[in-house]
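The structure appears below as structure tokens.
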Amino acid sequence: MKEPYVELSPEVSEEVRQTTCYMCACRCGIDVHMKDGKVAYIEGNRSHPVNKGVLCAKGSAGVMQVNSPSRLRSPLRRVGERGRGEFEEISWEEALSEVTDRLLKIRREAPERLAFFTGRDQSQSFTSYWAQEFGTPNYAAHGGFCSVNMATAGIYTMGGAFWEFGQPDFERTKYLMLFGVAEDHDSNPIKMGLGKMKGRGAKVVGVNPVRTGYNAIADEWIGITPGSDGLFIMSLIYELLRSGKVDTDYLSCYTNAPFLLEGGDGERSGLFLRDGDGKPLVMDRVSGKLVAFDGKGVRPDLRGDGKHETVFGKLVETYLSDCYAPEKVSERCGVPVETICRIASELAHVAFEESIELPIAWTDFRGEHHEVMLGRPVSFHAMRGISAHGNGFQTCRALHILQILLGSVEVPGGFRFKPPYPKPAEIHPKPHSDCHVNCPLDGPHLGFVMGPEDLALKIDGRAARIDKAFTWENPLSSHGLMHMVISNAYAGDPYKIDTLFFYMANMAWNSSMDTGGVMEKLTAKDDEGNYVIPYIVYSDAYASEMVAYADIVLPDTTYLERHDCISLLDRPISEPDGAADAIRGPVVDAGRDVRGFQSVLCDLGHRLGLGGFVTEDGEAKYKDYADYIVHHERKPGIGPLSGYRGEDGSLSGRGGVNEDQLDRYKEGGGFFVSPIEAGSSFYKPWNMSYQDWAVGMGFYEKPSPYVFQLYVEPLRKFQLAAEGYGEIQPPDHLRDSLKSRMTPFPEWYESTDEDDDYPLHALTQRPMAMYHSWGSQNAWLRQIHGMNPLYVPLRVWREHGFEEGDWAKVTSRHGEITVPVALHRGLNGHTVWTWNAIGKRRGAWGLGEGSPESTKGFLLNHLIDDLLPLKDGERVSNSDPVTGQAAWFDLKVRLEKVSPRKSSEPVFEELKSPVGVGPKVVSFKVGR
Amino acid sequence: MTLLPEKVDKKLGLVIDLDTCVGCHACVVACKGWNTENYGSALSDKDAYGGDPVGTFLNRVHSYEVEPPLGASQTVHFPKSCLHCEDAPCVTVCPTGASYKREEDGIVLVNEDACIGCGLCAWACPYGARELDGVSGVMKKCTLCVDRIYNENLAEEDRVPACVRTCPAGARHFGDLGDEESDVSKLVRERGGMDLMPEMGTKPVNKYLPLRSRDEGLGVPALEEVASEPTGFMRWLDKVLEKV
């Protein structure tokens, strides 16, 4: 039989444009295949440091994002009541004039009346700069409701955290433990890493109440009960200490374990013993004297001087306490005693009996030369599952202490930092909030406090910021508390504001706790019929739920239609072996009356006459964001992009402006890597050749070696304040909480009240094929996750007599929802869960009548209160008391079987779509 | 009734590692993207933004829970596409000759010009690996990216199916399963690769690598107390330092 002709070598595309994905936050490199000037096909960029050619479902579905019917088309002005979605299209000039007039008045009268918060912004170094030039103290992005516990705990403890700051040494590690990692950050690199580990038979342990995704392929699954990860980790620490399986050399050389603590009572009790220059002292084994910890040739002694307790002594005393014995924690953790003991033995075995050595010589900061790099091939990664609890900060800290005791940070086979990290907390900026009319703010908004003197408090002790970040309620809130902005603005607590200005944050839906309450606050009116929150400006590319609550909508482009930079000044995409940054370039014209939000800020900056955005003659300093990316210098020679600097583009890191920089990036595939030499690639905080390289790159001005902080002294300073020492004093109602939560070693505490009425923990997990609310407008992705049942473990399923197709009423102390249920056996017996942000409000996202996202999708957010129950009459946010991280996963519920519903409840009024509904049928080939 | 070739020169196919597949659907969407733009008619989506979206996919991932006799329930992610069977019932059942198996590499294709959309092949396939496109009315199925694997416009390393190129975990492998010495054949031997539903007698070319054992310890010695009588930090530390 003659076979039909098949075209085996069709032309793939007319042109490939290389840019950076934005279908989630991982920022993979993509090859966008173009036909007829349109996007035909997207695949991974093989040369790119993040994804090395692979691409996830979201990334490949970018074709449908740039064709999404939900894309906004024009600036909008509200014509109906807020929250209905009734708008008129207006010109950019009208929109920007209106916003400019409003903001000029605010800046002239009280700059703090502008609250500018930017959601899942990938240009935070730019948006924060704009806010700083405007002069409002009220700026942050979404870190507070994401994973600030992870970032803050990591930076205070070891000068870097997971994901953007560092990653497991996937090439060499023999044992990886994943804690609370849903199928998200960082998406492709973790999958690639797990694939590599599987390929060589290394062991992966998944600690998560839910066995899906990475936890499904883990060689061992530990279905822990939510909120108890810290207890489990401390029990592992107990086991390692009990058996002496800790890396004493590493602890002595590279951590504050040998630091001496001031004893007794008094204002210095528990602080480091320091010399006249303020340097912490250690007992030197060589000279037998007390010397500064970092002196040349010093060999710190963990035993101390016999008079003062060392940090290590205190650590051993703390964690060898019976309360952390496996028998004591097993029940709360839902992990058998034998499993805890066995995991500890496996960690110890791999770290110490299977250690590895790389034949690479290096010199440490005390001048000691090492012939080899010793590695402890156990590694860890963690994400929101452990951080989104009211005890998340201390849990994340505990995990880092475990890593450090095993000597497995910044060593071969362990956890590795990615430049510009490592970088200790003390060389980060401190928060700034001093605000005056017509003036820029006195410095960057966000930072790392080192003691009560760094809090963002007004002279009278009230919060300087609308989100109450850096106050006694959450002193170390390094990413702000975006989730409290609407609630506080509505309550006028700590003060009233005029304008809420949000960028790509779906606060009227999945990005808020108490979603229904937030909608009410956004639409509430005072006695005179005026909105309590007077004015709302929102920028988004798509018709999200939040659009309906804006007075003015500034339509953003999609990620394939604009310039962006993924900057080392911001959230970098570096790899352990090199510093990397990247750009986005427009691969298609928007063809709608929309503008990239960052370009709009450049324009607004000019209209408002903000210092950083106008020339000396008052002209616009940057014609758009691309212009800013190339020409802005944060410090002389340091700009948003590190590659192709200097007039001829030959410099990297530091160097003058290069007019051709963006073209050079585009020619180079959209990214730039400055590789690290082998001799600098491990032991980075202490490795002088790395330190010199980092200075050359402009990460800091002088070599900044430091040691890991097992004991975090700034936390002790807050405790001392709570004990009554010092001039800056907390309010009385927070003293006990500060004493018990700001412990300089992590101690575990229950972050939810035991309440028999609500016996089940309720969680969300992010599906791999969706990124928060964005995926549902994508015709391909919504066929993968179009609805979300509440998954129920077998025990609870039987107890309630559930059957397939059943529905349940889910009640928390805050509210109730009615939703479809499904059985999931691979689930902690005290936990129910669902996929994150699949549920949509009717009328949003260009979706039509009866969309399953609205009828069988739902949010758990309705059950989560943004404030904790009143205690001593005080209004305190449902957040980690140390950092202000939103405690999403402290939710407790009960179930009740109910008759099936037509639609999940609550049902909200349908929004009027500003873009109509998407087409019935999608079937096209580009260019035919 | 359509005849299968008497012999094929190669048995190109996929080896899918169920132990490594994280169920991320990357392969599903890369496949949808490539095959919408390439071989035959576009893969359409009806009611794309409405209440009952139904699109054509050549590859889908299903997730199942498996309960072992002892221990916790396990989740298996199971990607499924045409297995390019040696005895492909979808070919022999085709009334027009549209469904056929290529002699040179064993790939099973649908000649869309000859397809009348009768659906017999989908009915005959025991794996449910074919989907009738709701718009074009022709039968769609995995082509093993026949227009990629020989495509001279692609770099050599990219001449693999779109699903294989994109798979982040490296759970998908492509090659000649008729060649005993190929990497995929070796992988199948080493890992005990299996046929899907061998009892159907279709002799699938694609193979699945089974899950490795789960939830077992490494078998290392238990930890021992460093000092049997706890007598304070100094004594403990001396013992620890002695051991180092």
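The values are calculated or read from the model by the stated rules, or taken from the named source; none is laboratory data. Keep in mind that this is a model prediction, so the values were computed, not measured. Every residue, glycine among them, receives a Cβ derived from its backbone with ideal geometry; neighbour counts consider all protein chains shown.
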(request) Tell me which residues, restricted to segment B:182-228, are free of Cβ contacts under 8 Å to residues at least 12 places away in the same chain and more than 21 Å from the chain's Cα centre (by Cα). (result) B:GLU216, B:GLY217, B:LEU218, B:GLY219, B:VAL220, B:PRO221, B:ALA222, B:LEU223, B:GLU224, B:GLU225, B:SER228
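Filter segment A:359-384 down to the residues that are at pLDDT 95 or above and either within 22 Å of the chain's Cα centre (by Cα) or under 15 Å from A:TRP163 (Cβ atoms) (or both) and list them by number.
A:SER379, A:PHE380, A:HIS381, A:ALA382
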(message) Quick check on this structure: which one of B:ASP87, B:ASP45 is of a type in the set (Asp, Glu) and in contact (Cβ under 8 Å) with a residue 24 or more places away in the chain?
(response) B:ASP87
(message) With the requirement that a residue be farther than 30 Å from A:THR855 by Cα and under 20 Å from the mean Cα position of the chain (by Cα), what does segment A:867-901 give you?
(response) A:SER877, A:SER879, A:ASP880, A:PRO881, A:VAL882, A:THR883, A:GLY884, A:GLN885
(message) Condition first: more than 9 Å from chain A (Cβ to nearest Cβ), in a strand (DSSP E or B) and touching a Phe, Trp or Tyr at 6+ places or on another chain (Cβ under 9 Å). Now tell me which residues in segment B:99-119 satisfy that.
(response) B:VAL108, B:VAL110
(message) For B:LEU70, only one of the following conditions fails: (1) in contact (Cβ under 8 Å) with a residue 12 or more places away in the chain; (2) hydrophobic (A, V, I, L, M, F, W, C); (3) surrounded by fewer than 18 Cβ atoms within 10 Å (Cβ to Cβ). What is its number?
(response) (1)
(message) If I ask for residues that are in contact (Cβ under 8 Å) with a residue 40 or more places away in the chain and part of a loop (DSSP other than H, G, I, E, B), which ones from segment A:508-541 would you list?
(response) A:ALA508, A:TRP509, A:ASN510, A:SER511, A:SER512, A:MET513, A:ASP514, A:VAL532, A:ILE533, A:ALA541
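May I ask you to verify whether A:LYS58 is modelled with pLDDT of 95 or more, within 30 Å of B:GLU112 (Cα to Cα) and not in a strand (DSSP E or B)?
yes
Yes or no, residue by residue, for (1) touching a strand residue (DSSP E or B) at 6+ places or on another chain (Cβ under 6 Å); (2) more than 30 Å from A:ALA456 (Cα to Cα); (3) among the charged types (D, E, K, R):
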residue	(1), (2), (3)
A:LEU651	yes, yes, no
A:GLY669	yes, yes, no
A:PRO675	yes, yes, no
A:ALA678	no, yes, no
A:PHE699	no, no, no
A:PRO703	no, no, no
A:TYR711	no, no, no
A:LYS717	no, no, yes
A:GLU727	no, no, yes
(message) Being at the interface with chain B (Cβ under 10 Å from one of its Cβ atoms) and in contact with a Pro (Cβ under 6 Å, 6 or more places away or on another chain): is that true of A:MET197 here?
(response) no
(message) I want to confirm something. Restricting to segment A:8-40 and keeping residues that are charged (D, E, K, R), in a loop (DSSP other than H, G, I, E, B) and touching a strand residue (DSSP E or B) at 6+ places or on another chain (Cβ under 6 Å), which single residue is nearest to A:GLY669 (Cα to Cα)?
(response) A:ARG27
(message) Please determine whether any residue of segment A:23-40 is among the charged types (D, E, K, R), free of Cβ contacts under 8 Å to residues at least 24 places away in the same chain and either touching a helix residue (DSSP H, G or I) at 6+ places or on another chain (Cβ under 7 Å) or within 9 Å of chain B (Cβ to nearest Cβ) (or both).
(response) no
(message) Restricting to segment B:74-90, name every residue that is within 11 Å of chain A (Cβ to nearest Cβ) and under 14 Å from B:LYS203 (Cα atoms).
(response) none
(request) Report whether or not B:THR96 is part of a loop (DSSP other than H, G, I, E, B) and within 12 Å of chain A (Cβ to nearest Cβ). (result) yes
(message) Here is a check on your reading of the model: is A:VAL796 outside any helix (DSSP H, G or I) and either of a type in the set (Phe, Trp, Tyr) or in contact with a strand residue (DSSP E or B) (Cβ under 9 Å, 6 or more places away or on another chain) (or both)?
(response) no
(message) Criterion first (in contact with a Pro (Cβ under 8 Å, 6 or more places away or on another chain), crowded, with 16+ Cβ neighbours inside 10 Å and within 30 Å of A:GLU520 (Cβ to Cβ)) does A:ALA95 satisfy it?
(response) yes
(request) Having 3 or more residues that are surrounded by 14 or more Cβ atoms within 10 Å (Cβ to Cβ) and more than 14 Å from every other protein chain (Cβ to nearest Cβ) is the bar; report the helices (runs of 4 or more DSSP H) wholly within segment B:128-244 that clear it. (result) B:183-191
(message) Quick check on segment A:458-477. Is at least one of its residues at positive phi, part of a loop (DSSP other than H, G, I, E, B) and in contact with a Ser or Thr (Cβ under 6 Å, 6 or more places away or on another chain)?
(response) yes
(request) Would you check if A:ILE155 is of a type in the set (A, V, I, L, M, F, W, C), in contact with a Ser or Thr (Cβ under 9 Å, 6 or more places away or on another chain) and facing chain B (nearest Cβ under 10 Å)? (result) no
(message) Suppose we filter segment B:1-57 for residues that are among the aliphatic types (A, V, I, L, M), facing chain A (nearest Cβ under 7 Å) and surrounded by fewer than 23 Cβ atoms within 10 Å (Cβ to Cβ); how many remain?
(response) 2
(message) Against the definition (without any contact (Cβ under 8 Å) to a residue 12 or more places away in the chain, more than 8 Å from chain B (Cβ to nearest Cβ) and over 30 Å from B:SER99 (Cβ atoms)), how does A:VAL50 come out, yes or no?
(response) no
(request) Could you list, in sequence order, all residues of segment A:567-622 that are within 22 Å of the chain's Cα centre (by Cα) and in a loop (DSSP other than H, G, I, E, B)? (result) A:SER567, A:LEU568, A:LEU569, A:ASP570, A:ARG571, A:PRO572, A:ILE573, A:SER574, A:PRO576
(message) As an exercise: evaluate B:GLY71 against (1) at the interface with another protein chain (Cβ under 8 Å from one of its Cβ atoms); (2) at pLDDT below 95 and give the number of the one condition it does not meet.
(response) (1)
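Listed here are the residues, each with its yes/no results for (1) surrounded by fewer than 20 Cβ atoms within 10 Å (Cβ to Cβ); (2) touching a residue at least 40 places away in the same chain (Cβ under 8 Å); (3) not in a loop (DSSP other than H, G, I, E, B).
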position: A:TYR250; (1), (2), (3): no, yes, yes
position: A:GLY263; (1), (2), (3): yes, yes, no
position: A:GLU267; (1), (2), (3): yes, yes, no
position: A:VAL298; (1), (2), (3): no, yes, no
(message) Quick test for you: out of A:SER60, A:SER97, A:SER68, A:SER9, pick the one residue that is out of contact with any helix residue (DSSP H, G or I) (no Cβ under 6 Å at 6 or more places or on another chain), of a type in the set (S, T, N, Q) and within 11 Å of another protein chain (Cβ to nearest Cβ).
(response) A:SER9
(message) Looking only at segment A:200-245, filter to residues that are out of contact with any Pro (no Cβ under 8 Å at 6 or more places or on another chain) and hydroxyl-bearing (Ser, Thr, Tyr); which one of those is nearest to the other protein chains (Cβ to nearest Cβ)?
(response) A:SER243
